[in-house]
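Right, one structure below, let's go through it.
Just so you know, all these numbers are worked out from the coordinates, no wet-lab data involved. The model shown is predicted, which means the values in this text are computed figures rather than measured ones. No Cβ is skipped: glycine too gets one built from the backbone with ideal geometry, and neighbour counts run over all protein chains shown.
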Amino acid sequence: MNQVNSVGNYAGGYNPNYVNPYGNSGQGNQWDRSGRRTSWQQGSFPVENFQTYTSPFGYRRRGGSVEFHKGLDLAAPKGSYIRSWWAGRVIRVSDGGLCGTAITIQSGAWEHTYCHMMGRVATWQGRRYLSDLDGGLRIFQGQTVTTGMRVGRVGMTGRTTGPHLHWGIKYGKDWIDPALVLRAMYQQQARN
């Protein structure tokens with residue numbers, strides 16, 4: 001997987017496959033690799049009760065080392081609902097590891113991952129799902145979700161120092177800066 005920063009560069013140098021969420025014209029449209037354009041207007045902000053951004057996308061110092069942060073951290077009170085940024089299909093539910101309890105949704109060539117959520121992964125009749133009974137949520141792997149649908153709640157699972165949503169976005173195999181996606185989405189929504 002390539003690690004892409006906000007200007008389309010990654011650890012190996014310039015990335016020719018980088019997809020700018022502003023498109024070639026800077027107008028805030030979603031472009032795919034075939035040059036087709038879709039609207040950002042249907043996107044949803046991914047967390048309720050948002051407070052602030054706590055850690056940006058890109059390289060950061062952690063202790064004595066430098067690591068690549070493949071998402072954007074959005075602080076919100078523990079238990080705040082997380083919403084699907086775009087309609088799609090849940091391709092993975094997981095718990096454990098750095099991401100903690102997490103869900104990944106595929107929307108065409110886009111994948112969006114939501115980490116550090118409350119709840120746990122369980123299995124029912126051979127199907128994996130995210131179980132958050134206190135939040136009234138049961139999200140199955142393979143389930144279709146709509147834009148803005150509640151898919152989890154902010155928690156502190158995995159490696160975290162406080163309640164927040166880690167939101168990662170990939171286009172194909174390339175990590176995209178979620179702040180650029182939000183900026184493009186809101187600029188287009190403000191014009192209409």
*(1) charged (D, E, K, R); (2) farther than 14 Å from PRO46 by Cα; (3) touching a Gly at 6+ places or on another chain (Cβ under 6 Å): which one isn't true of ARG153, the others all being true?*
(2)
*Under 7 Å between Cβ atoms, at least 6 apart or on separate chains: pull out the pairs that start in region 40-56 with a residue that is among the small types (Gly, Ala, Ser) and end on any residue that is outside any loop (DSSP other than H, G, I, E, B).*
GLY43/MET185; SER44/ARG83; SER55/HIS69; SER55/ASP73
*asked:* Contact list please: Cβ distance under 9 Å, first residue in region 174-192 and under 13 Å from GLY43 (Cα atoms), second residue among the β-branched types (Val, Ile, Thr) and buried (at least 18 other Cβ atoms within 10 Å of the Cβ), pairs at least six apart or on different chains.
replied: PRO178/ILE169; VAL181/ILE169
_Residues of region 134-153 satisfying the condition of being farther than 17 Å from GLY100 by Cα, of a type in the set (Val, Ile, Thr) and free of Cβ contacts under 8 Å to residues at least 60 places away in the same chain_ = THR144
*Can we say ARG138 is touching a helix residue (DSSP H, G or I) at 6+ places or on another chain (Cβ under 6 Å) and either surrounded by 14 or more Cβ atoms within 10 Å (Cβ to Cβ) or farther than 20 Å from PHE50 by Cα (or both)?*
no
*Considering only strands (runs of 3 or more DSSP E) fully contained in region 84-192, which possess at least 3 residues that are among the β-branched types (Val, Ile, Thr)?*
88-94, 101-107
